[in-house]
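Structure first, commentary second.
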Amino acid sequence: MMRKIILSVAVSLDGFIEGPKGEYDWCPPPSKKEMTEFLSGIDTIFMGRKSYELAGSKMFPGKEHYVFSDTLNGKAKGVYIIRSNMLKTVNLMLQEKGKNIWLFGGANLITTFINENLVDEMWLAFVPIVLGGGKPLFQNIAERKKYKLTESNVVGEYLSVKLVKNNSNHKK
C-alpha cells in the first residue's frame with residue numbers, strides 16, 4: 001500500500017493558519033488521544049523553512065523531518081533539506097515502505113502540494129475564532145480540488161474534520 005500525505009493543521013473560521021502578526025496563540029492544543037492516533041500513523045514530516053524554524057525537529061522526536069528550502073543551511077539528526085527536484089523526491093518517497101507523511105506546513109508548501117494533487121487526506125482543526133487577517137490556509141490554488149468528508153467531531157475547543165481526496169483529482 002502506498003504511503004499517503006496528510007495535511008494536518010489548525011485553521012480559523014475565516015480560513016487562516018496564522019494571525020496577522022504570524023501568531024498561533026489562538027490555537028488550542030490538540031487532544032492527546034487525537035494527536036497520539038495521528039502520530040502513530042506517520043513516520044515522516046514535511047515542512048517549509050519557516051515552519052521548521054518555528055517548530056524544529058525536537059517537537060516530534062523519532063520522526064524524519066524533510067525541510068523544503070533553498071536557503072536553509074545546517075544539519076541536525078533526522079533532518080533532511082530538500083533544495084531541488086522536490087516533486088521527484090516526494091514521488092519516490094511515496095513509493096517507499098513506511099508510514100504516512102504529515103504535511104505540517106507552511107502555506108507555500110501546502111499550495112505546491114495541493115496544486116500537484118499530492119495531498120491525500122486533510123485533518124483540519126477548525127477553531128471557533130475569526131482572526132480578520134493573517135496567512136490563509138489556501139492561496140494561489142490553480143484549480144478545484146474535491147475532497148470527501150469522512151469524519152467530524154467536536155474535540156475540546158475545536159471541530160476536527162477529516163477529508164479524503166476524491167480520485168478525480170489525480171493527475172494522469
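Listed conditions (1) hydrophobic (A, V, I, L, M, F, W, C); (2) farther than 21 Å from Lys32 by Cα; (3) free of Cβ contacts under 8 Å to residues at least 60 places away in the same chain are all met by Leu94, apart from (3). Which ones in region 51-73 are within 20 Å of Phe113 (Cα to Cα), surrounded by fewer than 16 Cβ atoms within 10 Å (Cβ to Cβ) and polar (S, T, N, Q)? Hit for region 51-73 is Thr71, nothing else. Taking the numbered list (1) at pLDDT 95 or above; (2) of a type outside the set (D, E, K, R); (3) farther than 19 Å from Thr111 by Cβ; (4) outside any loop (DSSP other than H, G, I, E, B) in turn, Ser168 passes all entries but (1). Of the residues making up region 26-37, those that are modelled with pLDDT under 95 and either touching a Leu at 6+ places or on another chain (Cβ under 6 Å) or not small (Gly, Ala, Ser) (or both) are Cys27, Pro28, Pro29, Pro30, Lys32, Lys33, Glu34, Met35, Thr36, Glu37.
One line per residue, one yes/no per condition, for (1) modelled with pLDDT under 90; (2) within 26 Å of Asn167 (Cβ to Cβ); (3) touching a helix residue (DSSP H, G or I) at 6+ places or on another chain (Cβ under 8 Å); (4) of a type outside the set (Lys, Arg):
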site: Met47; (1), (2), (3), (4): no, no, yes, yes
site: Asp70; (1), (2), (3), (4): yes, no, no, yes
site: Asn73; (1), (2), (3), (4): yes, no, no, yes
site: Lys77; (1), (2), (3), (4): yes, no, no, no
site: Ile82; (1), (2), (3), (4): no, no, yes, yes
site: Val130; (1), (2), (3), (4): no, no, no, yes
site: Gly134; (1), (2), (3), (4): no, no, no, yes
site: Asn140; (1), (2), (3), (4): no, yes, yes, yes
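A single member of Ala142, Ala76 is among the hydrophobic types (A, V, I, L, M, F, W, C), surrounded by 12 or more Cβ atoms within 10 Å (Cβ to Cβ) and either over 19 Å from Ser12 (Cβ atoms) or within 16 Å of the chain's Cα centre (by Cα) (or both), and it is Ala76. Scan region 91-113 for residues that are part of a helix (DSSP H, G or I) and more than 19 Å from Asn140 (Cβ to Cβ) and the total you get is 5.
Residues checked against (1) under 14 Å from the mean Cα position of the chain (by Cα); (2) buried (at least 20 other Cβ atoms within 10 Å of the Cβ):
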{"residue": "Lys4", "(1), (2)": "yes, no"}
{"residue": "Leu13", "(1), (2)": "no, no"}
{"residue": "Glu18", "(1), (2)": "yes, yes"}
{"residue": "Gly22", "(1), (2)": "no, no"}
{"residue": "Glu34", "(1), (2)": "no, no"}
{"residue": "Asp43", "(1), (2)": "yes, no"}
{"residue": "Arg49", "(1), (2)": "yes, no"}
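Selection of strands (runs of 3 or more DSSP E) fully inside region 1-60 by the criterion of at least 2 residues being within 15 Å of Leu103 (Cβ to Cβ) and in contact (Cβ under 8 Å) with a residue 12 or more places away in the chain returns 5-12, 42-48. Check region 101-108 and report whether any residue there is within 26 Å of Tyr66 (Cβ to Cβ), in contact with a strand residue (DSSP E or B) (Cβ under 8 Å, 6 or more places away or on another chain), of a type in the set (A, V, I, L, M) and at pLDDT below 95. There is at least one residue in region 101-108 that is within 26 Å of Tyr66 (Cβ to Cβ), in contact with a strand residue (DSSP E or B) (Cβ under 8 Å, 6 or more places away or on another chain), of a type in the set (A, V, I, L, M) and at pLDDT below 95.
The values are calculated or read from the model by the stated rules, or taken from the named source; none is laboratory data. None of the values given here were measured: they were computed from a predicted structure. Cβ sites come from the backbone with ideal geometry, for glycine too, and all protein chains shown count toward neighbours.
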